[in-house]
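What follows is a short report on a single structure.
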Amino acid sequence: MGERPPLPVVALISGSGTNLQALIDAQLRGAPFRLAAVISNRADALGLERARRHDIPTRVLSHRDYSDRESFDSKLAELIDAFTPGLVVLAGFMRILTAGFVDRYQGRMMNIHPSLLPKFRGLHTHQRAIDAGEAEHGASVHFVTAELDGGPVILQARVPVQPDDDAESLAARVLEREHLLYPTAVSWFAEGRLQLGEDGHPHLDARPLLEPRTLEPPSPAQEIQAAR
Ligand code: GRF
């Protein structure tokens, strides 16, 4: 064991990049992947600064410079492929991707989404969960397919909705769990334990995941450890 070189990963971001930071922190703690580049469609994305601080190469590709999605996605693929990643991770990348782009990275691209998919695809998930009277909300990591937020779900974290929650307080608790979810799923993939099977299900340790795995809440001992 331990012979496999770290898997090169390219992250696509548009914003603050706290999930990117969680991946960087996992890498620093010895996770089996290496962020090869961070690409943003917005020059002012805070996540770019996070990457620069750790000497991770960054690229900016503004969608405003492209007249259609096809030409933007084809340039994006060119930028990504220059880093020969084994995995592409969408980490708050606020762009709808063309089918051609998604096909190109079939089984090699993941997304993190702030809901218990298949519930609440799309935007404003926290408010929608509150409005629907959900007792539980959460986040999901899934392989990306052409259907928006519709790909096979790998791993989820569940978060109870409190009676006094607003979208902001709920989002903050979900985000905390996201920061554990994404490094876990990316590590599984990097270790060769996780693939997208030909049957369309994620396979973990050579078994199809018919239901997503659930990341259990951290034990009090782990919370103390993490706070150190
Ligand atoms: C997260 O809530 C993620 O689930 C969603 O976009 C948000 C990105 O946040 N896809 P950050 O940029 O990682 O802080």
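The values are calculated or read from the model by the stated rules, or taken from the named source; none is laboratory data. As the structure is a prediction and not an experimental result, all values here were calculated from the model. As a convention, Cβ positions derive from the backbone with ideal geometry for all residues, glycine included, and neighbour counts pool all protein chains shown.
For the reader, a short list of remarks on this structure follows.
- Meets criteria (within 23 Å of GLN27 (Cα to Cα), within 16 Å of the ligand (Cβ to nearest atom), touching a helix residue (DSSP H, G or I) at 6+ places or on another chain (Cβ under 6 Å) and not basic (Lys, Arg)) for ALA167: no
- Filter result (farther than 25 Å from SER16 by Cβ and either within 10 Å of the ligand (Cβ to nearest atom) or among the polar types (S, T, N, Q) (or both)) within region 79-99: THR84, THR98
- Residues in region 175-191 that are part of a helix (DSSP H, G or I) and either more than 16 Å from the ligand (Cβ to nearest atom) or touching a helix residue (DSSP H, G or I) at 6+ places or on another chain (Cβ under 7 Å) (or both): LEU175, GLU178, HIS179, TYR182, PRO183, VAL186, SER187, TRP188, PHE189, ALA190.
Rundown of residues vs (1) crowded, with 20+ Cβ neighbours inside 10 Å; (2) in contact with a Cys (Cβ under 6 Å, 6 or more places away or on another chain); (3) closer than 20 Å to LEU181 by Cβ, yes/no style:
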residue	(1), (2), (3)
ILE13	yes, no, yes
SER16	no, no, yes
LEU23	yes, no, yes
GLY30	no, no, yes
PHE33	yes, no, yes
SER40	yes, no, no
ALA43	no, no, no
LEU46	no, no, no
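- Considering the conditions (1) away from the ligand (no atom under 11 Å from the Cβ); (2) outside any strand (DSSP E or B); (3) not small (Gly, Ala, Ser), VAL159 is excluded by exactly one of them, (2).
- Failed condition for ALA36, given (1) more than 16 Å from the ligand (Cβ to nearest atom); (2) at pLDDT 95 or above; (3) assigned to a loop (DSSP other than H, G, I, E, B): (3)
- Considered as a group, the residues in region 155-170 that are out of contact with any Lys or Arg (no Cβ under 7 Å at 6 or more places or on another chain) and surrounded by 18 or more Cβ atoms within 10 Å (Cβ to Cβ) include one that is nearest to SER115 (Cα to Cα), and that residue is GLN156.
- Filter result (touching a Leu at 6+ places or on another chain (Cβ under 6 Å) and part of a loop (DSSP other than H, G, I, E, B)) within region 95-120: GLY107, ARG108
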